[in-house]
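J.: Have a look at the structure that comes next, please.
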Amino acid sequence: MTKEEQLTVLKKIISIQTVNENEAELANYIAGLFQPYVGAGVKIEKVNYAPGRDNLVVTICNGGKVLGYSGHMDVVAPGDLAAWDTDPFEPVVKDDKLYGRGACDMKSGLAALVVALLEMLEKGQQPAGTIKLLATVGEETGNYGAAQLTKLGYADDLDGLVIAEPQDDLQAITYACKGVIDYHVTSVGKAAHSSRPEMGINAIDNLLEFVQQAKAALAKFDHSDPALGKLTHVISLINGGEQINSVPSAATLGGNVRTIPEYPNQVVYDELEKIIDQLNQQPGFDLKIKYTFPEEPMGGDPESSLIKLAQAVAKKSLGITPQPIASTGANDGQEFTQAKKDFTSIIIGPGSNMSHMPNEYVNLAAYYNAIQYYQDFAQAFFA
């Protein structure tokens, strides 16, 4: 492909609006690019998650080891359009940067993977192994697509995984991530006039009792991981009551916990549920807890062979040596590494600190470098 053709693919991928939905249209576009190679060792599978939301798996089958390349197709909403200088879904090139929603997070990485594999097929440079492109839905709202593909076994044969999320324009490699627990607690009380509080049950008071005990309990998990730091716990949402002169009959709260390998998610679940059970044994308490967006912490070794290979390829191809780093955020790799087979997952891709921001952009030099990098990495992985 010429650079103009490579740019055309990126522009098209950005122009398809996939704000937490509609990934099927993008999956269809990418599948169409690989369609000419079906029957020549290429297999295309669409895995439906919900109406209009398809994951896409493209496998270049050559036996041997299996390398996974992954990127998510969804993006976050553009927000206030007045904060954008251009239409977020009409990509614009200015000063060697391409602007548009998802240009950084992470459609430039996804497009670079797609173009890299297409060029390898066009040139007849298929590696001595199998490459599996895993394009997912719903990463921004819970890694739903990666979880679905993992449960269906699509990651069970991987020997290594590279996720093309933005990492300082390929200058860094993420190898470890904190886990995530979003929890929600509801408290049911009994309404009464505030002048006669003894006739009611204060749902807010009961909720605050849970908060005090939960904060104290999780504060005891004070070990600091060398790469990821400490477990963190934030009460981030709270709502309750009907009016100021009534004893509140209902209240809810939301909390966010970022876990580390030393304290995996189940340890936190057990602690929170123990508090709920103990409080519910007291008169007047009626508490329930549920969880959303759970992601297990992903540990890693900064000296792993996959990271060493990724660094060596970057130095040879691009003249840079990306440094291993840890992340407090979540990514699809935390789902994929729950597969039956143990393998290392790393993140390296084009884009920097523009994720989720107005006037999001990617440096085109980084995008073109990523295309070459992913080709060279595949060849080195199977060497």
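J.: Could you grab me the full set of residues in the range 233-245 that are of a type in the set (Ser, Thr, Tyr) and open to solvent by less than 60 Å² (accessible area, probe 1.4 Å)?
T.: Across the range 233-245, there are no qualifying residues.
J.: Another question, then. Answer yes if at least one residue in the range 193-211 is modelled with pLDDT under 95 and of a type outside the set (D, E, K, R), and no otherwise.
T.: Within the range 193-211 (the criterion being modelled with pLDDT under 95 and of a type outside the set (D, E, K, R)), the answer is no, since none of the residues qualifies.
J.: Among the listed residues ILE260, ILE276, identify the single one that is under 26 Å from GLY138 (Cβ atoms) and among the aliphatic types (A, V, I, L, M).
T.: It is ILE260.
J.: Oh, and also: Could you tell me whether the range 45-68 includes any residue that is open to solvent by 10 Å² or more (accessible area, probe 1.4 Å), in contact with a helix residue (DSSP H, G or I) (Cβ under 7 Å, 6 or more places away or on another chain), in a helix (DSSP H, G or I) and of a type outside the set (S, T, N, Q)?
T.: No, the range 45-68 contains no residue that is open to solvent by 10 Å² or more (accessible area, probe 1.4 Å), in contact with a helix residue (DSSP H, G or I) (Cβ under 7 Å, 6 or more places away or on another chain), in a helix (DSSP H, G or I) and of a type outside the set (S, T, N, Q).
J.: Could you tell me whether any residue of the range 152-164 is closer than 30 Å to LEU81 by Cα and at pLDDT 95 or above?
T.: Looking through the range 152-164, at least one residue is closer than 30 Å to LEU81 by Cα and at pLDDT 95 or above.
J.: Out of ALA172, ALA155, report the one residue that is within 18 Å of ASP301 (Cβ to Cβ), touching a strand residue (DSSP E or B) at 6+ places or on another chain (Cβ under 8 Å) and of a type in the set (A, V, I, L, M, F, W, C).
T.: Result of the check over ALA172, ALA155: ALA172.
J.: Open to solvent by 80 Å² or more (accessible area, probe 1.4 Å) and not in a strand (DSSP E or B), is that true of GLU273?
T.: no
J.: Looking at the structure I just gave you, is LEU309 out of contact with any strand residue (DSSP E or B) (no Cβ under 6 Å at 6 or more places or on another chain) and among the hydrophobic types (A, V, I, L, M, F, W, C)?
T.: For LEU309, the condition - out of contact with any strand residue (DSSP E or B) (no Cβ under 6 Å at 6 or more places or on another chain) and among the hydrophobic types (A, V, I, L, M, F, W, C) - is met.
J.: Name the single residue that is surrounded by the most Cβ atoms within 10 Å (Cβ to Cβ) among those in the range 158-216 being among the basic types (Lys, Arg) and more than 18 Å from the chain's Cα centre (by Cα).
T.: Result: LYS190.
J.: I've got another one for you. Being modelled with pLDDT of 95 or more and not in a helix (DSSP H, G or I) narrows it down to one of GLN278, GLN282, so name that one.
T.: GLN282
J.: Given the criteria assigned to a helix (DSSP H, G or I), out of contact with any His (no Cβ under 9 Å at 6 or more places or on another chain) and of a type in the set (Gly, Ala, Ser), does ALA155 qualify?
T.: In short, no.
J.: Another one. For TYR175, which of the numbered conditions (1) over 28 Å from GLY68 (Cα atoms); (2) of a type in the set (Ser, Thr, Tyr); (3) part of a strand (DSSP E or B) fails to hold?
T.: (1)
J.: Collect the residues in the range 77-121 that are open to solvent by less than 10 Å² (accessible area, probe 1.4 Å) and either on the phi > 0 side of the Ramachandran plot or assigned to a strand (DSSP E or B) (or both), keeping them in residue-number order.
T.: LEU98, GLY100, GLY102
J.: While we're on this one: Please go through the range 122-152 and give me each residue that is within 17 Å of LYS65 (Cβ to Cβ), outside any strand (DSSP E or B) and out of contact with any Lys or Arg (no Cβ under 7 Å at 6 or more places or on another chain), ordered by number.
T.: Answer for the range 122-152, where residues must be within 17 Å of LYS65 (Cβ to Cβ), outside any strand (DSSP E or B) and out of contact with any Lys or Arg (no Cβ under 7 Å at 6 or more places or on another chain): GLN125, GLN126, PRO127, ALA128.
J.: Search the range 210-235 for residues that are among the hydroxyl-bearing types (Ser, Thr, Tyr) and pair each with any residue that is open to solvent by 80 Å² or more (accessible area, probe 1.4 Å) and assigned to a strand (DSSP E or B) when their beta-carbon atoms are under 9 Å apart and the residues are at least 6 apart or on different chains.
T.: Hits for this filter: SER224/LYS230.
J.: Which of the following residues is out of contact with any strand residue (DSSP E or B) (no Cβ under 6 Å at 6 or more places or on another chain) and without any contact (Cβ under 8 Å) to a residue 24 or more places away in the chain: TYR37, TYR29?
T.: TYR29
J.: Taking the condition of a type in the set (Asp, Glu) and in contact with a Leu (Cβ under 9 Å, 6 or more places away or on another chain), does GLU295 pass?
T.: So GLU295 does not fit the description; no.
The values are calculated or read from the model by the stated rules, or taken from the named source; none is laboratory data. Remember, predicted model here, so these are calculated numbers, not experimental data. When we count neighbours, we look across all protein chains shown, and the Cβ atoms used for this are built from the backbone with ideal geometry, even at glycine. Quick note on the areas: whole protein, heavy atoms, side chains included, nothing else; ligands and nucleic acids left out. Shrake-Rupley method; radii C 1.70, N 1.55, O 1.52, S 1.80 Å.
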